[in-house]
Each structure stands twice: as C-alpha cells, then as structure tokens.
Amino acid sequence: MLRRVLPQLAAAVADSSSESFRYQDEIGLSLARGRWQEWPREQAAAVREFLRAFWARSLVAAGVLRLAPR
C-alpha cells in the first residue's frame, strides 16, 4: 500500500506547511517498515533521491547548510 500512496505523501511532506509534516516520525517509520530499499531498483532509486533532496532542503532551511552559487 505504501507504494501506492507514496507520491502524494512525498508531495505533502515536501510542503513543510502541510499537516502531514507534523507526522514526520510516523512517516519515517512507515517508510522503514515498507522496506523501500528492497523495492524494484527504479522505485527504490526514486525514494532515495527524494529523501536526499528533502534532507538537503531541510538542512538549508535550518541554516545548517548553504548551497554554492551556480
């Protein structure tokens, strides 16, 4: 079921003003329980890419990381 709702869930999580952001711990647990790393390669790569981008954005938003100018 997680694979079916993940696109909508990821969009809601990426929007930090979203109601789902309050439940980030539960969302993380659901991802862990869903064992997304064992999904087909393309699907797992998409989840990994989203998580890395979300983590980087979170660090920038918190002022922990600055992006280099292009």
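The values are calculated or read from the model by the stated rules, or taken from the named source; none is laboratory data. What you are looking at is a predicted structure, and each value in this text was computed from that prediction instead of being measured. Cβ atoms come from the backbone with ideal geometry, glycine included; neighbour counts cover every protein chain shown. Note: areas computed on protein heavy atoms with side chains; ligands, DNA, RNA excluded. Shrake-Rupley method; radii C 1.70, N 1.55, O 1.52, S 1.80 Å.
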Inset, instruction - Consider ARG35 carefully, then state whether it is surrounded by 12 or more Cβ atoms within 10 Å (Cβ to Cβ) and modelled with pLDDT of 85 or more. - result: no
Inset, instruction - Hey, can you tell me all the residues within region 45-67 that are open to solvent by less than 50 Å² (accessible area, probe 1.4 Å) and modelled with pLDDT of 85 or more? - result: ALA45, VAL47
Inset, instruction - Can you tell me which residue among SER16, SER20 is surrounded by 14 or more Cβ atoms within 10 Å (Cβ to Cβ), out of contact with any strand residue (DSSP E or B) (no Cβ under 8 Å at 6 or more places or on another chain) and modelled with pLDDT under 75? - result: SER20
Inset, instruction - Spot the failing condition for GLU42; the list is (1) open to solvent by 100 Å² or more (accessible area, probe 1.4 Å); (2) at pLDDT below 80; (3) assigned to a helix (DSSP H, G or I), and only one is missed. - result: (2)
Legend entry - Residue that is farthest from LEU31 (Cα to Cα), among those in region 45-70 that are of a type in the set (A, V, I, L, M) and in contact (Cβ under 8 Å) with a residue 24 or more places away in the chain: ALA61
Inset, instruction - Please enumerate the residues belonging to region 24-35 that are in a helix (DSSP H, G or I) and within 12 Å of LEU9 (Cβ to Cβ). - result: GLN24, GLU26, ILE27, GLY28, SER30, LEU31
